[in-house]
Structure formats: structure tokens, C-alpha cells
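The values are calculated or read from the model by the stated rules, or taken from the named source; none is laboratory data. Here the structure is a predicted model, which means the values were calculated and not measured. No Cβ is skipped: glycine too gets one built from the backbone with ideal geometry, and neighbour counts run over all protein chains shown.
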Amino acid sequence: MSRIGKRPITIPAKVQVTIDGTKVLVKGPKGELSRDLPPHVIVSQEGEILQVNRRDESRTSRQMHGLCRTLVANMVEGVSKGFQRRLEIQGVGYRAQVQGRNLVLNMGYSHQVQIPPPEGIQFAVENNTNVIVSGHDKEVVGNTAARIRAVRSPEPYKGKGIRYAGEMVRRKAGKTGGKGKK
């Protein structure tokens, strides 16, 4: 049995879960999420607890069991608490700001990079160098943060660029500066 898949999901107050066959709809104070789950799993609700079980013991069912439980748990957590991803900008002259809903990055290019937020995503900037991506869908928050990081990913020699908060960038040694062979 999947260790993750057999754990029950507790539904907090103010969150409503509707199960229609393989479709799961979760509504809460932060928003609304729905997902079609594969037919290999069964989602059942008993009071304030959701349980994800597999239909049979086939290999595909066992593979999908823990994944589907985690997806449903992320939906419940997202509409109740929300998710956020923090990014740090390092480098002289590199900065970020929010104009309207768009995130505008000055990353040393000849132009500013504007990133419009997907539906349900908000940007916040602290101290011109810390970007916070927040929303109720964990997958969209992570993808948006990865798109922002890809504008200028951290380089290994000086460490300049955009990195996740707490990310360690492996540094390389530069040139030694010695004379070449004659």
C-alpha cells in the first residue's frame, strides 16, 4: 500500500468538496479548483475526511495512488491557505517591480522583461530584489516561478541572476590569471 496514498485528507472549515465520478471540485476562500483524476483511483468523502483508494492492484493503479492523493491534498490546501514561492535577485543593477499586475524585470538586457501573471497568480516585490509569486494552484505557482527564474538563471562564476529563496548555486573557480606556456 502506498504510504502517501493511504493517509487521509482533512477538509478545513469553509472548504467544500464535490466529487462527481472521477472529477473533484474544491471551493474555498482563496478560489476554486477542479481536476479530472484517472479512473484507477476512487475518491470518497466521509464527513470532514477525504480518502483516496485504488480500484485494483494493477501497476498503474499503484503508481497513481499516491500521486492523486497528493494532487487532491494540494487542491484542498491551495483553496484554504494558498501557496507562495519566493525568488531572490542578485547582481548589480538587477531589480524587479510590479506595474499594474505585470512583473517588470531589469536584468541587464537592453530591454525590460515584462511577465504577465496567469489567472489566479499575484506578484509582490520586496526591496526591489525579492519577488513573491502567490496563488491557490501549486502547479501554476511553481511554473510561473520557474518562468521568472529562466529570465536570467544564476550563473556559476559570480552567482548573478534569479534564484529561488534558499537555493544554493554551485560556484566555479574562474581563470587563475597565470602566464601561459611558451
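Summed over region 140-158, the residues that are within 30 Å of Lys27 (Cβ to Cβ) and free of Cβ contacts under 8 Å to residues at least 60 places away in the same chain give a count of 7.
Evaluate region 149-162: report whether one residue or more is aliphatic (A, V, I, L, M), in a strand (DSSP E or B) and either touching a strand residue (DSSP E or B) at 6+ places or on another chain (Cβ under 9 Å) or modelled with pLDDT of 90 or more (or both). Taking every residue of region 149-162 in turn, at least one turns out to be aliphatic (A, V, I, L, M), in a strand (DSSP E or B) and either touching a strand residue (DSSP E or B) at 6+ places or on another chain (Cβ under 9 Å) or modelled with pLDDT of 90 or more (or both). Remark: pairs (first residue in region 11-23, within 11 Å of Leu50 (Cβ to Cβ); second residue of a type in the set (Asp, Glu); Cβ separation under 7 Å; 6+ apart in sequence or on different chains) = Ile11/Glu48. Looking at region 57-115 only, could you name the residues that are more than 24 Å from Arg147 (Cβ to Cβ) and hydroxyl-bearing (Ser, Thr, Tyr)? Passing the criteria: Ser58, Thr60, Ser61, Ser80.
On inspection, Pro12 fails the criterion of being in contact with a Ser or Thr (Cβ under 9 Å, 6 or more places away or on another chain), closer than 29 Å to Pro116 by Cβ and either basic (Lys, Arg) or at pLDDT 90 or above (or both). If the condition is being surrounded by 14 or more Cβ atoms within 10 Å (Cβ to Cβ), in a loop (DSSP other than H, G, I, E, B) and charged (D, E, K, R), then region 97-148 contributes only Asp137. A Cβ distance below 9 Å, combined with a sequence gap of six or more or placement on separate chains, defines the contacts here; from region 43-64, residues that are closer than 11 Å to Val17 by Cβ and touching a residue at least 40 places away in the same chain (Cβ under 8 Å) reach residues that are among the small types (Gly, Ala, Ser) and not in a loop (DSSP other than H, G, I, E, B) in the pairs Leu50/Ser44; Leu50/Ala73.
Exactly one residue out of Ala96, Ala73, Ala13 is of a type in the set (Gly, Ala, Ser) and over 30 Å from Met168 (Cα atoms), and it is Ala13.
How many residues, within region 159-171, are basic (Lys, Arg), surrounded by 10 or more Cβ atoms within 10 Å (Cβ to Cβ) and free of Cβ contacts under 8 Å to residues at least 40 places away in the same chain?
1
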